[in-house]
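Structure first, commentary second.
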Amino acid sequence: MEKKVILVLNCGSSTIKFSIINFKKKIFLKGVIDYLKTSKVCAMWTHLNFSKEIFYFKKKITYKIGLKFIFNLLKNQFKKYYNNIIGVGHRVVHGGEEIKKTSLITKEILIKIKKSSIYAPLHNPNNLLGIKNSLKYLPHLSDKNVAIFDTTFHSTIPKIAFLYAIPYFFYKKHKIRRYGAHGINYLYITQKSAVLLNKNIYSTNLIICHLGNGASITAIVKGKSADTSMGLTPLEGLVMGTRCGDLDPSIIFYLYEILKIPIKKIKKILMKKSGLLGLSEINSDFRILEKQYKDNIQTEISIKIFCYRLSKYIASYFVPLNGKIDALIFTGGIGENSGLIRKKIIKKIQFLGFKLDKIKNINNNFQKNSSIHQEKSIPIFVIAADEEKMIASETFKILKNCEQK
Ligand code: AMP
């Protein structure tokens with residue numbers, strides 16, 4: 001059992017993450033193909049012995065080429081793990097109303113994931129590519145692929161938070177409702193926070209800010225998701241890398257009826273050309289924007305809007321929590337690495353009882369998974385996202401259940 005490992009594939013909207021993990025959640029290999037869709041694509045991976053390697057691609061690559069690179073890397077350079085892979089765990093963003101739990105990937109499940117692509121058009125197609133390539137490169141494991149859904153964790157959100165104020169018919173007949181996303185990491189962060197707080201998970205109340213290229217926020221009441229900012233699709237809510245987040249729906253009518261922009265193009269504008277990219281007119285990548293924060297007025301305003309929208313959400317989530325909060329958590333690429341963002345947010349919500357320790361906030365960039373609050377503050381933690389471990393342990397569980405049947 002010691003030697004048996006799971007390959008975890010997390011095909012996101014702008015990165016492909018992969019890892020090799022055993023049933024004790026020990027990570028042997030962890031890697032990412034980053035900056036996909038830009039001209040500076042690179043693959044980075046870290047081995048158990050901490051040797052870090054980077055490979056630069058000569059040009060922009062497709063997801064298919066990225067996946068081929070990963071499978072070849074495993075086969076050629078990490079044969080000892082490759083030969084011990086007993087299953088593959090895939091992160092899938094949207095399971096729709098029909099899939100509410102982690103599932104072994106069968107033909108029926110694949111059809112349902114495909115059907116749910118309308119709810120997550122930037123993600124589910126990439127997740128499907130991950131599955132398709134895993135079946136291609138590891139054909140002997142074709143019945144050992146498991147899908148872990150981001151929507152599962154949010155199935156506890158009550159009707160008052162998941163229904164939209166449109167005719168009820170659209171929910172009854174077409175299942176139009178809030179589904180949320182980032183659920184795998186929210187589950188992981190909730191478990192980790194309960195441990196840090198030394199509390200039972202079922203009495204833990206949190207506000208978790210998952211700030212990455214896609215960004216969302218979730219209110220956790222007694223260990224369960226009670227409300228979240230992403231909606232029917234991952235387009236609603238916070239300002240994101242390229243997604244607009246909350247919007248007056250009439251803007252869409254205006255773009256379509258008055259400006260005569262075709263609906264397909266409007267979709268592209270709101271999903272791929274908006275958010276930090278649209279506002280800054282420079283880039284969606286926070287690392288680049290942060291560097292120019294002081295010198296470029298457009299970058300400054302886009303970061304300020306990002307922080308303003310997020311702080312409004314944090315304040316509003318005191319409602320589902322009934323004011324009883326145990327901690328505020330920052331996670332995701334921006335949440336974990338940007339002291340600037342954390343400083344700006346906390347300043348806006350100080351009146352709620354949050355007080356930032358400025359030194360800890362800066363040092364935290366080098367030492368994740370720790371607190372950044374002053375003594376007399378509501379606890380504030382930075383916790384590194386770890387969807388991969390969660391996916392691996394769920395995959396082991398499902399495969400074990402299958403063996404026992
Ligand atoms: P994720 O989607 O969680 O992988 O996060 C991606 C986002 O995190 C991108 O906007 C990155 O620019 C941002 N990010 C990653 N590393 C850093 C860093 N060291 N400082 C600021 N932002 C970062």
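Structure notes:
- Difference of contour (0.36 nm per residue) and Cα-Cα distance, residue 273 to residue 142: 43.4 nm
- Each Lys or Arg adds one and each Asp or Glu subtracts one; over the other residues with Cβ under 11 Å from the Cβ of residue 204, this totals +4.
- Near residue 379, once Lys and Arg are set to +1 and Asp and Glu to -1 for all other residues with Cβ below 15 Å from its Cβ, the sum equals +4.
- What the Cβ-Cβ distance of residue 308 and residue 156 gives, at R0 = 30 Å and to the nearest 0.05, is a FRET efficiency of 0.55.
- Ellipticity estimate at 222 nm from DSSP helix runs (n ≥ 4, -39,500 (n - 2.57)) divided over the chain, nearest 500: -11000 deg cm²/dmol
- You can think of it this way: the chain between residue 316 and residue 376 has 19.4 nm of extra reach, that is 0.36 nm per residue less the Cα-Cα gap.
- Sparsely packed loop sites in the range 1-108 (the trypsin sites (Lys or Arg not before Pro) outside DSSP H, G, I, E and B with at most 16 other Cβ atoms within 10 Å) comprise 3, 4, 24, 25, 26, 37, 40, 58, 59, 60, 100, 101.
- Cβ-based net charge around residue 127, under 11 Å, with every Lys or Arg adding one and every Asp or Glu removing one: +2
- For q = 0.11 Å⁻¹, Debye-computed log10 I/I(0) when each Cα of the chain counts as one equal scatterer: -0.83
- Using the Cβ-Cβ distance between residue 104 and residue 296 with R0 = 45 Å, the FRET efficiency computed as 1/(1 + (r/R0)^6) comes to roughly 0.35.
- For the range 314-360 versus the range 217-271, the gap between their alpha-carbon centres in whole angstrom: 23 Å
- Out-of-range pairs (alpha-carbon distance over 23 Å; input 192/222; 68/101; 30/199; 101/199): 68/101; 30/199; 101/199
- Once all protein chains are placed together, residue 189 keeps about 0 Å² accessible to a 1.4 angstrom probe.
- Residue 108 accessible area, 1.4 Å probe, all protein chains in place, Å² to nearest 10: 120 Å²
- Summary value for the chain: 14 percent relative contact order, contacts being C-alpha pairs under 8 angstrom separated by 6+ residues.
- Rg ratio (alpha-carbon, reference 2.2 N^0.38 Å) - the range 275-405: 1.28
- Protein heavy-atom surface of the chain, 1.4 angstrom probe: 58% of the accessible area is carbon and sulfur, with nucleic acids and ligands not counted.
- Projected label distance in nm at residue 60 and residue 75, using a 7 Å step from Cα toward the beta-carbon: 2.8 nm
- Accessible-area ranking of 15, 395, 46, largest first, probe 1.4 Å: 46, 15, 395
- Here the Debye sum runs over all C-alpha atoms of the range 304-364 as equal scatterers in vacuum, and log10 of I(q)/I(0) at q = 0.24 Å⁻¹ comes out as -1.12.
- Residues of type aspartates and glutamates that residue 58 reaches as a straight line, Cα spacing below 15 Å, ignoring anything fewer than 8 places off in the same chain: 34
- Between 322, 369, 283, the residue with the greatest mean-square fluctuation in the GNM of the chain (Cα pairs under 10 Å linked by springs) is 322.
- Cβ-Cβ distance of residue 350 and residue 200, R₀ of 25 Å, FRET efficiency by 1/(1 + (r/R0)^6): the value works out to about 0.30.
- Cα Rg, Dmax (largest Cα-Cα span) when computed across the range 234-323, Å: 14.9, 46
- With all protein chains kept in place, the per residue accessible area of the chain amounts to 49 square angstrom at a probe of 1.4 angstrom.
The values are calculated or read from the model by the stated rules, or taken from the named source; none is laboratory data. Computed from a prediction, not measured in an experiment: that's the story for all the values here. Ideal geometry is used to build each Cβ from the backbone, glycine not excepted, and the neighbour counts take in all protein chains shown. Just the protein is used for accessible areas: all its heavy atoms, side chains included, with ligands, DNA and RNA removed. Shrake-Rupley method; radii C 1.70, N 1.55, O 1.52, S 1.80 Å.
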